[in-house]
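To start, the structure itself, in structure tokens.
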2 protein chains.
Amino acid sequence: MEQLAPRRNLRDELKDRGIRMTHQREIVLELIQGSSRHLDAESLWKLAARKDTCINLATIYRTLTLLKRFGLVDELDLMHIEGEKHYYEVTRLRSHIHLACFRCGEIQEFQTPLFTKLCKQVEQECSFSIKTGRLEFGGLCSKCRQKERPAAD
Amino acid sequence: MEQLAPRRNLRDELKDRGIRMTHQREIVLELIQGSSRHLDAESLWKLAARKDTCINLATIYRTLTLLKRFGLVDELDLMHIEGEKHYYEVTRLRSHIHLACFRCGEIQEFQTPLFTKLCKQVEQECSFSIKTGRLEFGGLCSKCRQKERPAAD
DNA sequence: TCTTAGTTGCAAATGATTTGCAAGTAAAAC
DNA sequence: GTTTTACTTGCAAATCATTTGCAACTAAGA
Ligand SMILES: [Mn+2]
Ligand SMILES: [Mn+2]
Ligand SMILES: [Zn+2]
Ligand SMILES: [Zn+2]
């Protein structure tokens, strides 16, 4: 999990692995890579449709499966804050954790050395070889907390 | 998340909250509470069927929703190690993390003060009020690692 | 015992994701 | 540049997990 090589673009990563590049894949890769949001399959599909000819939703799913298989994207649940769908983001060098607000739906990212430490502890004490991991919290974001108890407490 | 009161049995917890107790609910509560495994809705359903008259699967789901709503059970993904289903366990006093082996499917639990520390850090530094959280890892368990590289390295 | 709001079973609906298959295409070989 | 072939796509149907509408039932307070 922590042995990630510096990331080039997804396109090259796939080519290096001998994966055939297609028009559809180029579009999907570019979208995931360029997005600041956490995208689910359908959002990705709609963005792709806007950008170019329609890509089939099945192709989106197949591309995501491919990327997951090579550890190039992470699949997130984000506490299933909206339905049962999953969200995707390019795997980053330093892993981060996600906070999902049950009230407003905002997703916040947070990074801390404690998490890295925890991963190492798990690998050592459980002799478990981590391939992927995710830490997600659900609750109230700071904004929603303030609205919750207005000027009180 | 850390302000959990000492847990009595689920039945009483629900009664205290004015929730009506039914024959079906008693069975489901007892099963979740007594299980050492992480159960998904269907497993729970099959266990219930064995134990008594058939309970409808919809009732299982409705009971789980109820328990989740009151924070009495936690819903786990366990890295969706088998399909997209979810798993359930009684919320415990001290939260723990889950390691899922992609090879053999084993689920291991692990507890560390680092996790509690991390939760506190999140609450403080993000002023995020944690209602629920989960940390899950996927990879290879120690047994499968050994089989992986037999006597090598 | 009566009453009623809350609960159940059942079957159908929903939402997310996967799959089979015939047609299309990238890219290696000629 | 043409051929070849294995890989990829679109489409529609299938699958899997979970939810919902509704009429019949029942827990528990009056
Ligand atoms: Mn993220
Ligand atoms: Mn999930
Ligand atoms: Zn919020
Ligand atoms: Zn294993």
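The values are calculated or read from the model by the stated rules, or taken from the named source; none is laboratory data. Just so it is clear, the structure is predicted and the values come from calculations on it, not from any experiment. Don't worry about glycine lacking a Cβ; one is built from the backbone with ideal geometry, like all the others, and counts go over all protein chains shown.
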> Is it true that residue A:102 is surrounded by fewer than 17 Cβ atoms within 10 Å (Cβ to Cβ) and of a type outside the set (S, T, N, Q)?
Replying inline: yes
> When you scan the stretch B:103-135, how many residues do you find that are more than 30 Å from residue A:148 (Cα to Cα), within 18 Å of the chain's Cα centre (by Cα) and in contact (Cβ under 8 Å) with a residue 24 or more places away in the chain?
Replying inline: 4
> Can you tell me how many residues in the stretch B:47-89 are of a type in the set (D, E, K, R) and either within 18 Å of residue B:20 (Cα to Cα) or exposed (fewer than 15 other Cβ atoms within 10 Å of the Cβ) (or both)?
Replying inline: 9
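Quick one: which residue in A:80, A:38 is free of Cβ contacts under 8 Å to residues at least 12 places away in the same chain, within 16 Å of ligand 1 (Cβ to nearest atom) and not polar (S, T, N, Q)? Steps first, answer last, please.
On the way: A:38 fails: free of Cβ contacts under 8 Å to residues at least 12 places away in the same chain.
When all the criteria are applied, what remains is A:80.
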>> Let me spell it out: the conditions are (1) closer than 28 Å to residue A:103 by Cβ; (2) surrounded by 14 or more Cβ atoms within 10 Å (Cβ to Cβ), and residue B:137 meets all of them except one. Which number is the exception?
In response: (1)
>> Residues to consider are A:11, A:37, A:69, A:25; find the one that is in contact with a Ser or Thr (Cβ under 7 Å, 6 or more places away or on another chain), among the charged types (D, E, K, R) and away from ligand 2 (no atom under 16 Å from the Cβ).
In response: A:25
>> Residues that are more than 11 Å from chain A (Cβ to nearest Cβ), at least 3 per element: which strands (runs of 3 or more DSSP E) completely within the stretch B:58-153 meet that?
In response: B:87-90
> Of the residues B:32, B:27, which single one is within 30 Å of residue B:116 (Cβ to Cβ), buried (at least 18 other Cβ atoms within 10 Å of the Cβ) and either modelled with pLDDT of 95 or more or not aliphatic (A, V, I, L, M) (or both)?
Replying inline: B:32
